[in-house]
Amino acid sequence: MQPQSSATQSAYRSFVRQNSDADHIISLRKQMEQLNTIGKRFVAANDRFQVHHALLATLQELYSFSACSILLKGDPVELSIIPRYPLNSAFIQAMIQRIARAASVIGFQGISAQELAVVADLDAPDDLASFSYDTPFESTSIGDFLNIPLTVESRIIGMLSLFDEHEGAFDTDLLQLTTMIADYAAVALENVRLRERQRALWEEAEHERNRLELIISSMAEGLLITNAFGVITSLNSSAQHLFSLADVDLQLKPHTSLRQLAASTKINWLLDFAEIVDQALGGNVVMNRELTAGTNSETVPLTLSVSAAPLYDTNQNINRPIGVVTVLNDITSIKQIEKLKDEFVSIVSHELRTPLTAIKGYTQHLIRRIERRIRDIRSKQESSNPPIELSESYDLRSLHIVQSETEHLERLVSDLLDLSRVQWGELDLQYTSFYLADVLNERVRLAQVSAEQHAIQLDIQVQDSRIIADQLRIGQVFGNVLDNAIKFSPPGKQVTVLLQGKDDEYLISVIDQGIGVSPESFDHIFERFYRIRSVANRQYTGIGMGLFVAKAIVEAHGGSIGFSSNQDGGSTFYFSLPRVPKTSNLHL
Ligand code: ADP
């Protein structure tokens, strides 16, 4: 019954509207509360099983059904079957058939029921977890089913399916709500999947980190890493061991920079080490630098070989290293072997010297005797013109060759002896005052005897060539350089020796027209036992020791040695020597 008057009518309409608005609000609030509860269930789910159970609990409030299933895309796909009560296997197989068919419709490409059966997983409490053939539930066929795609941001990630043994079990009126629930489940499952993936990645990274740490800690080489300020950030047990061998206790000074450590402990090799780290921080790679970490009182002190390289961040900002990686190796045993080898060479050289001195002395004696005899014969033959060729002259030439070759052998032996002295910093110079021109003259004279086919020209461009130096060793250096000039140039070529004065030093240059030095050997020619490996060089004898020793002797005198290529293909080797030793108090 409706009120009749218009005023009453409008009051009635307003009453009805208000009441229906109120009903609407109440039902809306109810729905929201319901959604809120559903949302909370899914948000609380930590793993896929909790999502499954949240889903089951929510769907149960809407429908009565036998089982639901969740199919998720992936490689391989995942299929979870969640029964509400024990199901027989025929029913489950029928479910899988339906799922496979529906899946191909929503974009699961070519997935067969057999494949699904392999991956299918029964997510049920223990009492439902195994298929039962003698349960009261005997239905083997599906009465009704419902498939809803699971979507996240319009992307299909899987499919939710509901199955019941009775026909018409699923009311399509509830489809909208079920889709909403499926969306909740999809987001929750995607979150779980992301979280699982994140955890797997993290575990993998952690595993890799542990593996790396294990490798580093079991490395035989010492590994020390610093940050951009040269502060030690990590070092492995081998490095710790090496530091303890060198009496450096790093435990006392955690987080100090190497430089501070060196300054506070006043340990020299640490200063050198800090220097190497600084070089690497400057962007340079330092390879195999030798550091003497032990005390000199030991026969062979603890010797470390250090290599360092700048460490850049993953963005490869090569302007600023974020630290330095250094590798330390204990090479003391190698040094010990070297020392033994050098001692052996030194003993053998000493033993060779004695017979050589005798040969030299007797040859000298014979030369003098024959020269005297020749003079006597010549004085008696003064009248004979032309002079008769004497057999003694031939003997004299032969003896001169013996003398020159003995000199060469003596130089080789001296080089061998000096080699170990240079190596162990034991080069001892005997300074005397002498004329450099005399030494050059004498050596050129001796060299000319055995190098008959080379023209050796000596150009002394100084008036007074007095010098304070180790005469024997300077002769040795010049002899080596001259020998090379002759050895490495074809017969008939000229070798020019120049002696020049410059300020307070002399410059000796030996210019040849020989095979020259190839550019790739420029940096190595003064290294121990270095010989150019070229076809041209192979025919010449030598052991690559002369220039190494020559450099050490010249530098010990405060001079320098070098070489340049000549335009005509030969080379010029030169060395400078101070007139007066820089470190000595002696004066001319
Ligand atoms: P060795 O002469 O015993 O081989 P050195 O140390 O005197 O050893 O010389 C090292 C190498 O330098 C030689 O093997 C040779 O390859 C090169 N070399 C030295 N002097 C000359 C030169 N004047 N011309 C060309 N190559 C030279």
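A short reminder: the numbers here are calculations on the coordinates, not readings from a lab. Please read all numbers here as calculations on a predicted model, not as lab measurements.
The H on the amide N of Gly158, modeled in the peptide plane, is under 5 Å from the matching H of Lys73, Leu150, each at least 5 residues off or on a different chain. In sequence order, the stretch 299-304 has phi-based couplings of 4, 10, x, 3, 10, 10 Hz under the Karplus curve 6.51 cos²θ - 1.76 cosθ + 1.60, θ = phi - 60°, and Gly or Pro positions carry x. Taking θ as phi - 60° and the Karplus parameters 6.51, -1.76 and 1.60, the scalar couplings of the stretch 495-502 work out to 10, 10, 10, 10, 10, 10, x, 8 Hz in sequence order, x denoting glycine and proline. Find how many whole Å separate the alpha carbon centroid of the stretch 299-371 from the alpha carbon centroid of the stretch 85-119. Between the Cα centre of the stretch 85-119 and that of the stretch 299-371, the gap is 78 Å. The calculated pair-distance distribution of the chain uses every alpha carbon pair, bins of 10 angstrom beginning at 0, and gives 3, 11, 13, 11, 10, 8, 7, 7, 7, 7, 6, 4, 3, 2, 1, 0, 0, 0 percent.
Rounded to the nearest 10 degrees, the inclination of helix 268-281 to the longest alpha-carbon principal axis of the chain is 60 degrees.
With 28 Å as the limit, write out which pairs from Lys339/Lys502; Lys266/Lys341; Lys341/Lys582; Lys487/Lys551; Lys493/Lys551 have Cα-Cα distances beyond it, or answer none. Violating the 28 Å Cα-Cα cut-off are Lys339/Lys502; Lys266/Lys341; Lys341/Lys582.
Using the Cα gyration tensor of the stretch 399-530, with a ≥ b ≥ c the square roots of its eigenvalues, what is the shape: rounded (a/c below 1.5), prolate (a/b larger than b/c) or oblate (neither)?
Since a/c stays below 1.5, the shape of the stretch 399-530 is classed as rounded.
Calculated from DSSP H runs of 4 or more alone, at -39500 (n - 2.57) each and per residue, what is the 222 nm mean residue ellipticity of the chain, nearest 500?
Dividing the helical sum by the residues of the chain leaves -16500 deg cm²/dmol.
Close amide H pairs (under 5 Å, H built 1.01 Å from N) link Tyr312 with Ile322, residues at least 5 positions away or on another chain. Measuring max minus min along each principal axis, the C-alpha atoms of the stretch 81-125 give extents of 31, 17, 17 Å (largest first). Couplings 3J(HN,Hα) for the stretch 140-153, derived from phi with the Karplus relation 6.51 cos²θ - 1.76 cosθ + 1.60 (θ = phi - 60°), are 10, 10, 8, x, 8, 8, 9, 10, 10, x, 9, 10, 10, 6 Hz, where x marks Gly and Pro.
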